[in-house]
Amino acid sequence: MKKFIKAKILLIILIFCSCSGQTPENSNRANLVLLTNDWSLNETNFSINTEKGDWLESSEYLDINDTFSADTVARSFKENEAWFLDRHNHSVSKIRFSKNGSPQMVSKWTLEDSPNPHDVWLHNQILYITQYENESLIMLDEENGQKITEINLSNGELSSCAQNDGKSEMDQIFMKNNKIYISMQCLDTTGSWNPVTEGKLAVLDTNTNSISEIITLNDCFNPVDASEGPSGNYLYFSCVNNYEGGNDGSIIKMNYANHSIQKIADESLFGGDIGGITIKNDENIFVTVTAPDWSHTWVSKVNINENQAETIHQKNTPWHNRIAFKNETLWLIGNEGLYSISDCGLFCTDEQLIKSSSKSAQLLFWLGDPMFGGGGH
(Lines give C-alpha, C1' and ligand atoms only; values in the text may rest on other atoms or scores of the structure.)
Protein backbone atom coordinates (compact mmCIF):
# COMPACT_ATOMS: atom_id res chain seq x y z
CA MET A 1 0.00 0.00 0.00
CA LYS A 2 2.82 2.45 0.89
CA LYS A 3 4.55 1.72 -2.43
CA PHE A 4 1.26 2.37 -4.25
CA ILE A 5 0.75 5.72 -2.46
CA LYS A 6 4.35 6.79 -3.20
CA ALA A 7 3.95 5.88 -6.85
CA LYS A 8 0.68 7.81 -7.05
CA ILE A 9 2.26 10.91 -5.46
CA LEU A 10 5.21 10.68 -7.85
CA LEU A 11 2.86 10.43 -10.83
CA ILE A 12 0.95 13.55 -9.69
CA ILE A 13 4.23 15.47 -9.29
CA LEU A 14 5.38 14.43 -12.77
CA ILE A 15 2.07 15.49 -14.34
CA PHE A 16 2.16 18.85 -12.54
CA CYS A 17 5.74 19.54 -13.61
CA SER A 18 5.00 18.58 -17.21
CA CYS A 19 1.92 20.81 -17.48
CA SER A 20 3.43 23.83 -15.74
CA GLY A 21 6.43 23.73 -18.05
CA GLN A 22 4.19 24.36 -21.06
CA THR A 23 3.24 27.88 -19.98
CA PRO A 24 6.17 29.55 -18.24
CA GLU A 25 5.07 32.44 -16.04
CA ASN A 26 7.85 34.70 -17.35
CA SER A 27 6.90 34.26 -21.02
CA ASN A 28 5.88 37.49 -22.77
CA ARG A 29 6.60 36.71 -26.39
CA ALA A 30 6.62 39.22 -29.22
CA ASN A 31 3.51 39.26 -31.36
CA LEU A 32 3.33 42.34 -33.57
CA VAL A 33 6.15 44.52 -34.93
CA LEU A 34 5.81 48.11 -36.17
CA LEU A 35 8.65 49.63 -38.22
CA THR A 36 9.15 53.40 -38.02
CA ASN A 37 11.57 55.44 -40.10
CA ASP A 38 13.31 58.79 -39.92
CA TRP A 39 14.39 59.92 -43.38
CA SER A 40 16.35 62.89 -42.03
CA LEU A 41 18.59 60.49 -40.09
CA ASN A 42 18.21 57.65 -42.65
CA GLU A 43 17.23 55.32 -39.84
CA THR A 44 14.61 52.65 -39.11
CA ASN A 45 13.69 51.44 -35.64
CA PHE A 46 10.88 49.13 -34.63
CA SER A 47 8.41 48.75 -31.78
CA ILE A 48 7.49 45.30 -30.49
CA ASN A 49 4.07 44.53 -29.04
CA THR A 50 4.13 41.50 -26.71
CA GLU A 51 1.40 38.99 -25.89
CA LYS A 52 0.82 40.82 -22.56
CA GLY A 53 0.34 44.15 -24.34
CA ASP A 54 3.73 45.71 -23.56
CA TRP A 55 5.64 47.78 -26.11
CA LEU A 56 9.41 47.32 -26.42
CA GLU A 57 11.69 49.56 -28.50
CA SER A 58 14.44 48.06 -30.67
CA SER A 59 16.75 50.99 -29.91
CA GLU A 60 16.97 49.81 -26.30
CA TYR A 61 18.27 46.36 -27.28
CA LEU A 62 20.16 46.50 -30.58
CA ASP A 63 23.71 47.78 -30.91
CA ILE A 64 24.02 51.05 -32.81
CA ASN A 65 26.00 49.20 -35.47
CA ASP A 66 22.99 46.98 -36.07
CA THR A 67 20.57 49.78 -36.99
CA PHE A 68 18.80 49.86 -40.35
CA SER A 69 18.41 52.58 -42.96
CA ALA A 70 15.10 54.39 -43.42
CA ASP A 71 14.25 52.15 -46.38
CA THR A 72 13.83 48.78 -44.65
CA VAL A 73 11.16 46.06 -44.90
CA ALA A 74 10.67 42.73 -43.11
CA ARG A 75 8.78 39.43 -43.12
CA SER A 76 8.42 36.73 -40.47
CA PHE A 77 8.16 32.98 -41.04
CA LYS A 78 8.62 31.75 -37.47
CA GLU A 79 7.05 32.93 -34.22
CA ASN A 80 10.38 34.08 -32.79
CA GLU A 81 12.23 35.31 -35.88
CA ALA A 82 11.98 37.89 -38.66
CA TRP A 83 14.08 38.68 -41.73
CA PHE A 84 14.87 42.36 -42.40
CA LEU A 85 15.91 43.73 -45.80
CA ASP A 86 17.79 47.02 -45.71
CA ARG A 87 17.33 48.35 -49.23
CA HIS A 88 19.71 51.30 -48.86
CA ASN A 89 22.54 49.26 -47.34
CA HIS A 90 21.76 46.18 -49.47
CA SER A 91 21.75 43.80 -46.52
CA VAL A 92 19.66 40.92 -45.19
CA SER A 93 19.45 40.34 -41.42
CA LYS A 94 17.80 37.84 -39.12
CA ILE A 95 16.35 39.15 -35.85
CA ARG A 96 15.45 36.66 -33.14
CA PHE A 97 13.00 37.55 -30.37
CA SER A 98 13.42 36.15 -26.85
CA LYS A 99 10.61 34.71 -24.73
CA ASN A 100 10.30 38.18 -23.23
CA GLY A 101 9.97 39.85 -26.63
CA SER A 102 13.39 41.51 -26.79
CA PRO A 103 15.17 41.45 -30.19
CA GLN A 104 18.68 40.24 -30.98
CA MET A 105 20.45 40.31 -34.33
CA VAL A 106 21.84 36.85 -35.07
CA SER A 107 22.79 37.13 -38.76
CA LYS A 108 23.63 39.95 -41.16
CA TRP A 109 24.92 39.68 -44.71
CA THR A 110 25.59 42.35 -47.34
CA LEU A 111 24.60 41.53 -50.90
CA GLU A 112 26.98 42.16 -53.80
CA ASP A 113 26.57 44.81 -56.52
CA SER A 114 24.18 47.08 -54.55
CA PRO A 115 21.03 45.25 -55.74
CA ASN A 116 18.39 47.06 -53.61
CA PRO A 117 16.76 43.93 -52.10
CA HIS A 118 12.99 44.38 -52.08
CA ASP A 119 11.35 41.29 -50.61
CA VAL A 120 12.18 37.92 -49.08
CA TRP A 121 10.56 34.50 -48.73
CA LEU A 122 11.87 31.55 -46.70
CA HIS A 123 11.18 27.98 -47.80
CA ASN A 124 13.12 24.76 -47.16
CA GLN A 125 15.98 26.74 -45.58
CA ILE A 126 16.37 28.84 -48.73
CA LEU A 127 15.95 32.62 -48.74
CA TYR A 128 14.47 33.85 -52.02
CA ILE A 129 15.27 37.56 -52.43
CA THR A 130 14.09 39.96 -55.13
CA GLN A 131 16.69 42.51 -56.27
CA TYR A 132 15.16 45.71 -57.64
CA GLU A 133 18.39 47.09 -59.10
CA ASN A 134 19.62 43.76 -60.46
CA GLU A 135 18.42 41.45 -63.21
CA SER A 136 18.41 38.30 -61.05
CA LEU A 137 16.43 36.68 -58.26
CA ILE A 138 18.95 35.40 -55.70
CA MET A 139 18.71 32.38 -53.39
CA LEU A 140 20.72 32.19 -50.17
CA ASP A 141 21.30 29.49 -47.57
CA GLU A 142 19.48 30.77 -44.48
CA GLU A 143 22.13 29.34 -42.16
CA ASN A 144 25.26 30.96 -43.57
CA GLY A 145 24.12 33.45 -46.23
CA GLN A 146 26.01 31.67 -49.00
CA LYS A 147 24.55 32.07 -52.48
CA ILE A 148 22.94 28.87 -53.72
CA THR A 149 22.02 30.12 -57.17
CA GLU A 150 20.36 32.99 -59.01
CA ILE A 151 17.87 33.25 -61.86
CA ASN A 152 17.88 35.98 -64.49
CA LEU A 153 14.43 37.59 -64.65
CA SER A 154 15.26 40.19 -67.28
CA ASN A 155 15.78 38.14 -70.44
CA GLY A 156 13.79 35.78 -72.67
CA GLU A 157 10.06 36.25 -72.11
CA LEU A 158 10.87 39.13 -69.76
CA SER A 159 12.97 41.13 -72.24
CA SER A 160 10.10 43.51 -72.98
CA CYS A 161 9.61 44.08 -69.25
CA ALA A 162 13.30 44.98 -68.88
CA GLN A 163 13.59 47.18 -71.96
CA ASN A 164 15.44 50.51 -71.66
CA ASP A 165 17.09 49.83 -68.29
CA GLY A 166 17.84 46.07 -68.46
CA LYS A 167 15.92 45.25 -65.26
CA SER A 168 12.41 44.01 -64.59
CA GLU A 169 12.08 45.85 -61.24
CA MET A 170 11.19 42.67 -59.35
CA ASP A 171 9.32 43.47 -56.17
CA GLN A 172 7.10 41.27 -54.01
CA ILE A 173 7.09 37.54 -53.32
CA PHE A 174 4.21 35.25 -52.36
CA MET A 175 4.03 31.46 -52.10
CA LYS A 176 1.21 29.02 -52.78
CA ASN A 177 1.18 25.25 -53.39
CA ASN A 178 4.98 24.95 -53.64
CA LYS A 179 5.09 27.78 -56.16
CA ILE A 180 6.70 31.15 -55.52
CA TYR A 181 5.19 34.16 -57.31
CA ILE A 182 7.48 37.12 -58.02
CA SER A 183 5.91 40.40 -59.12
CA MET A 184 7.69 42.73 -61.55
CA GLN A 185 6.83 46.38 -62.20
CA CYS A 186 8.48 46.70 -65.67
CA LEU A 187 9.47 50.38 -65.42
CA ASP A 188 11.84 52.61 -67.32
CA THR A 189 14.05 53.76 -64.45
CA THR A 190 16.44 55.68 -66.72
CA GLY A 191 14.27 58.79 -66.64
CA SER A 192 10.49 58.77 -66.57
CA TRP A 193 9.90 55.81 -64.23
CA ASN A 194 6.83 55.05 -66.31
CA PRO A 195 5.85 51.44 -67.02
CA VAL A 196 7.00 50.05 -70.37
CA THR A 197 4.61 47.08 -70.32
CA GLU A 198 1.95 45.59 -68.08
CA GLY A 199 3.32 44.05 -64.90
CA LYS A 200 4.54 40.45 -64.86
CA LEU A 201 4.61 37.51 -62.49
CA ALA A 202 7.34 34.88 -62.61
CA VAL A 203 6.24 31.51 -61.20
CA LEU A 204 9.04 29.51 -59.59
CA ASP A 205 8.66 25.78 -58.92
CA THR A 206 10.32 25.20 -55.52
CA ASN A 207 10.85 21.49 -56.31
CA THR A 208 13.31 22.39 -59.06
CA ASN A 209 14.01 26.07 -58.28
CA SER A 210 13.31 26.96 -61.89
CA ILE A 211 10.81 29.28 -63.57
CA SER A 212 7.80 27.33 -64.81
CA GLU A 213 5.68 30.18 -66.16
CA ILE A 214 5.60 33.91 -66.88
CA ILE A 215 2.21 35.55 -66.32
CA THR A 216 1.21 38.91 -67.80
CA LEU A 217 -0.86 40.94 -65.35
CA ASN A 218 -3.47 42.12 -67.84
CA ASP A 219 -4.85 45.63 -67.16
CA CYS A 220 -2.19 46.15 -64.48
CA PHE A 221 0.59 48.67 -65.06
CA ASN A 222 3.11 49.18 -62.24
CA PRO A 223 1.86 46.79 -59.50
CA VAL A 224 2.93 48.55 -56.29
CA ASP A 225 1.35 46.27 -53.70
CA ALA A 226 -0.27 42.83 -53.46
CA SER A 227 -2.30 40.94 -50.89
CA GLU A 228 -3.76 37.46 -50.70
CA GLY A 229 -7.46 37.16 -49.91
CA PRO A 230 -8.52 35.26 -46.76
CA SER A 231 -10.05 32.48 -48.85
CA GLY A 232 -6.57 31.74 -50.20
CA ASN A 233 -7.89 31.51 -53.75
CA TYR A 234 -6.79 34.86 -55.14
CA LEU A 235 -3.83 37.24 -55.11
CA TYR A 236 -4.89 40.88 -55.46
CA PHE A 237 -2.77 43.68 -56.96
CA SER A 238 -2.88 47.46 -56.63
CA CYS A 239 -1.66 48.88 -59.95
CA VAL A 240 -0.93 52.62 -59.90
CA ASN A 241 0.44 53.06 -63.43
CA ASN A 242 1.96 56.57 -63.84
CA TYR A 243 1.19 58.48 -60.62
CA GLU A 244 -0.86 60.98 -62.58
CA GLY A 245 -3.62 61.72 -60.11
CA GLY A 246 -5.57 58.51 -60.07
CA ASN A 247 -7.05 58.12 -63.55
CA ASP A 248 -4.97 55.37 -65.12
CA GLY A 249 -4.52 52.56 -62.57
CA SER A 250 -6.55 49.53 -61.52
CA ILE A 251 -7.10 46.71 -59.04
CA ILE A 252 -6.90 43.17 -60.38
CA LYS A 253 -6.93 39.67 -58.93
CA MET A 254 -5.22 36.47 -60.05
CA ASN A 255 -6.76 33.05 -59.55
CA TYR A 256 -4.14 30.74 -58.03
CA ALA A 257 -5.78 27.68 -59.60
CA ASN A 258 -5.56 28.65 -63.28
CA HIS A 259 -3.64 31.97 -63.18
CA SER A 260 -6.49 33.84 -64.86
CA ILE A 261 -6.56 37.63 -64.38
CA GLN A 262 -9.64 39.74 -63.69
CA LYS A 263 -9.84 43.53 -63.35
CA ILE A 264 -12.18 44.39 -60.49
CA ALA A 265 -11.89 48.19 -60.13
CA ASP A 266 -10.58 51.27 -61.94
CA GLU A 267 -8.35 53.73 -60.10
CA SER A 268 -10.69 56.59 -61.09
CA LEU A 269 -13.11 55.22 -58.49
CA PHE A 270 -10.88 56.53 -55.68
CA GLY A 271 -9.96 60.08 -56.71
CA GLY A 272 -6.20 59.66 -56.36
CA ASP A 273 -3.23 57.31 -56.82
CA ILE A 274 -3.75 53.94 -55.13
CA GLY A 275 -1.02 52.21 -53.14
CA GLY A 276 -1.29 49.78 -50.24
CA ILE A 277 -3.96 47.07 -50.47
CA THR A 278 -5.47 44.57 -48.03
CA ILE A 279 -8.44 42.24 -48.34
CA LYS A 280 -11.32 41.63 -45.94
CA ASN A 281 -13.12 39.18 -48.22
CA ASP A 282 -13.76 38.70 -51.94
CA GLU A 283 -16.30 41.54 -51.83
CA ASN A 284 -14.62 44.19 -49.65
CA ILE A 285 -11.14 45.60 -50.26
CA PHE A 286 -9.19 48.41 -48.57
CA VAL A 287 -6.61 50.61 -50.35
CA THR A 288 -4.54 53.66 -49.49
CA VAL A 289 -5.06 56.63 -51.82
CA THR A 290 -2.77 59.63 -52.27
CA ALA A 291 -4.22 62.99 -53.36
CA PRO A 292 -3.27 64.20 -56.88
CA ASP A 293 -1.21 67.03 -55.35
CA TRP A 294 0.42 64.57 -52.87
CA SER A 295 -0.80 66.71 -49.95
CA HIS A 296 -2.27 63.81 -47.96
CA THR A 297 -3.36 60.17 -48.07
CA TRP A 298 -6.57 58.43 -47.08
CA VAL A 299 -7.88 54.88 -46.80
CA SER A 300 -10.81 53.80 -48.94
CA LYS A 301 -13.04 50.78 -48.67
CA VAL A 302 -14.37 49.49 -51.98
CA ASN A 303 -17.33 47.18 -52.46
CA ILE A 304 -16.49 45.20 -55.58
CA ASN A 305 -20.02 44.01 -56.29
CA GLU A 306 -21.49 47.52 -56.13
CA ASN A 307 -18.44 49.28 -57.63
CA GLN A 308 -18.52 51.88 -54.87
CA ALA A 309 -15.74 53.36 -52.72
CA GLU A 310 -15.93 55.30 -49.46
CA THR A 311 -13.26 57.10 -47.44
CA ILE A 312 -12.95 55.61 -43.96
CA HIS A 313 -9.81 57.28 -42.60
CA GLN A 314 -7.86 60.45 -43.45
CA LYS A 315 -4.13 60.01 -42.89
CA ASN A 316 -1.77 62.87 -42.09
CA THR A 317 0.89 61.69 -44.49
CA PRO A 318 1.72 62.69 -48.08
CA TRP A 319 2.63 59.15 -49.14
CA HIS A 320 1.29 55.60 -49.27
CA ASN A 321 1.75 53.62 -46.07
CA ARG A 322 0.73 50.09 -45.30
CA ILE A 323 -2.63 48.76 -44.23
CA ALA A 324 -3.51 45.24 -43.07
CA PHE A 325 -6.73 43.38 -42.32
CA LYS A 326 -6.24 40.67 -39.69
CA ASN A 327 -8.29 39.24 -36.82
CA GLU A 328 -11.39 41.08 -38.07
CA THR A 329 -9.55 44.35 -37.59
CA LEU A 330 -8.25 46.91 -40.07
CA TRP A 331 -4.78 48.19 -39.14
CA LEU A 332 -3.70 51.60 -40.50
CA ILE A 333 -0.14 52.88 -40.58
CA GLY A 334 0.84 56.52 -41.06
CA ASN A 335 2.78 59.48 -39.69
CA GLU A 336 0.77 59.50 -36.46
CA GLY A 337 1.53 55.85 -35.69
CA LEU A 338 -0.62 52.71 -35.70
CA TYR A 339 -4.42 52.80 -35.74
CA SER A 340 -6.95 49.98 -35.57
CA ILE A 341 -10.58 49.85 -36.63
CA SER A 342 -12.24 46.80 -35.13
CA ASP A 343 -15.63 47.03 -36.85
CA CYS A 344 -15.54 47.25 -40.62
CA GLY A 345 -18.87 45.74 -41.58
CA LEU A 346 -21.35 48.05 -43.26
CA PHE A 347 -19.54 51.00 -41.65
CA CYS A 348 -16.02 51.33 -40.21
CA THR A 349 -16.21 52.49 -36.59
CA ASP A 350 -14.36 52.19 -33.28
CA GLU A 351 -11.11 53.75 -34.49
CA GLN A 352 -8.29 53.65 -31.92
CA LEU A 353 -4.71 54.90 -31.87
CA ILE A 354 -2.83 51.78 -30.77
CA LYS A 355 0.73 53.13 -30.85
CA SER A 356 1.62 56.78 -31.36
CA SER A 357 4.93 57.60 -32.97
CA SER A 358 6.84 60.83 -33.56
CA LYS A 359 8.45 59.12 -36.55
CA SER A 360 6.70 57.88 -39.66
CA ALA A 361 5.24 54.40 -39.25
CA GLN A 362 6.26 52.40 -42.28
CA LEU A 363 5.45 48.69 -42.00
CA LEU A 364 3.51 46.27 -39.81
CA PHE A 365 3.85 42.51 -39.51
CA TRP A 366 2.97 39.66 -37.17
CA LEU A 367 5.54 37.11 -36.08
CA GLY A 368 4.98 33.75 -37.74
CA ASP A 369 2.66 35.15 -40.43
CA PRO A 370 4.51 35.80 -43.70
CA MET A 371 1.43 37.19 -45.45
CA PHE A 372 2.07 40.60 -43.88
CA GLY A 373 5.10 42.86 -44.18
CA GLY A 374 7.49 42.35 -47.09
CA GLY A 375 8.08 44.44 -50.18
CA GLY A 376 5.82 46.71 -52.19
CA HIS A 377 5.78 50.35 -53.34
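The values are calculated or read from the model by the stated rules, or taken from the named source; none is laboratory data. Owing to the predicted nature of the structure, the values given are computational and were not obtained by experimental measurement. As a convention, Cβ positions derive from the backbone with ideal geometry for all residues, glycine included, and neighbour counts pool all protein chains shown.
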Worksheet item: Within the group THR311, THR329, which residue is within 22 Å of the chain's Cα centre (by Cα) and hydroxyl-bearing (Ser, Thr, Tyr)?
Response: THR329
Practice prompt. Taking SER231 as meeting all but one of (1) in contact with a Lys or Arg (Cβ under 9 Å, 6 or more places away or on another chain); (2) small (Gly, Ala, Ser); (3) at pLDDT below 95, write down the number of the exception.
Written response: (1)
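Look at SER250 and say whether it is more than 27 Å from ASN37 (Cα to Cα), surrounded by 16 or more Cβ atoms within 10 Å (Cβ to Cβ) and touching an Asp or Glu at 6+ places or on another chain (Cβ under 6 Å).
Answer is yes for this residue.
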Worksheet item: Quick one: what pairs do we get from the stretch 352-377, first residue over 21 Å from ASP171 (Cβ atoms) and modelled with pLDDT of 95 or more, second aromatic (Phe, Trp, Tyr) and not in a loop (DSSP other than H, G, I, E, B), C-beta under 9 Å, 6+ apart or different chains?
Response: LEU367/PHE97; GLY368/PHE77
Worksheet item: If only one of THR190, THR208 is more than 17 Å from the chain's Cα centre (by Cα), over 22 Å from ILE323 (Cβ atoms), at pLDDT below 95 and part of a loop (DSSP other than H, G, I, E, B), which one is it?
Response: THR190
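Rundown of residues vs (1) over 19 Å from ARG322 (Cα atoms); (2) surrounded by fewer than 23 Cβ atoms within 10 Å (Cβ to Cβ); (3) among the acidic types (Asp, Glu); (4) over 18 Å from the mean Cα position of the chain (by Cα), yes/no style:
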position	(1), (2), (3), (4)
ASN65	yes, yes, no, yes
ALA70	no, yes, no, no
ASN80	yes, yes, no, no
LEU85	no, no, no, no
SER102	yes, yes, no, yes
MET105	yes, yes, no, yes
LYS108	yes, yes, no, yes
Practice prompt. Scan the stretch 110-125 for residues that are in contact (Cβ under 8 Å) with a residue 60 or more places away in the chain and either surrounded by fewer than 21 Cβ atoms within 10 Å (Cβ to Cβ) or of a type in the set (A, V, I, L, M) (or both) and jot them down.
Written response: VAL120, LEU122, HIS123, ASN124
Discussion item. Quick check on the stretch 364-375. Is at least one of its residues touching a Ser or Thr at 6+ places or on another chain (Cβ under 7 Å) and either of a type in the set (Lys, Arg) or over 24 Å from THR44 (Cα atoms) (or both)?
Written reply: no
Item to complete: State all residues of the stretch 194-205 that are assigned to a strand (DSSP E or B) and closer than 15 Å to GLY156 by Cβ; if no residue qualifies, say none.
Response: LYS200, LEU201, ALA202, VAL203, LEU204
Worksheet item: Tell me, which residue of the stretch 270-328 that is surrounded by 21 or more Cβ atoms within 10 Å (Cβ to Cβ) and of a type in the set (D, E, K, R) is nearest to LEU35 (Cα to Cα)?
Response: ARG322
Worksheet item: Say we look at the stretch 291-307 and pick out the residues that are of a type in the set (S, T, N, Q) and in contact (Cβ under 8 Å) with a residue 24 or more places away in the chain; which of these is nearest to ILE341 (Cα to Cα)?
Response: SER300
Worksheet, complete the sentence: Of (1) closer than 20 Å to GLN172 by Cβ; (2) over 16 Å from the mean Cα position of the chain (by Cα); (3) surrounded by 22 or more Cβ atoms within 10 Å (Cβ to Cβ), TYR128 fails just (2)
Worksheet item: When you look at ASN222, is it on the phi > 0 side of the Ramachandran plot, touching a residue at least 24 places away in the same chain (Cβ under 8 Å) and touching a Pro at 6+ places or on another chain (Cβ under 7 Å), yes or no?
Response: yes
Fill in: Flag if ASN335 is among the polar types (S, T, N, Q), touching a Lys or Arg at 6+ places or on another chain (Cβ under 8 Å) and surrounded by fewer than 22 Cβ atoms within 10 Å (Cβ to Cβ)
yes
Worksheet item: In the stretch 161-176, what residues are modelled with pLDDT under 95 and either within 21 Å of the chain's Cα centre (by Cα) or surrounded by fewer than 16 Cβ atoms within 10 Å (Cβ to Cβ) (or both)?
Response: GLN163, ASN164, GLY166
Worksheet, complete the sentence: When GLU157 is run through (1) part of a helix (DSSP H, G or I); (2) within 20 Å of VAL120 (Cβ to Cβ), the failure sits at (2)
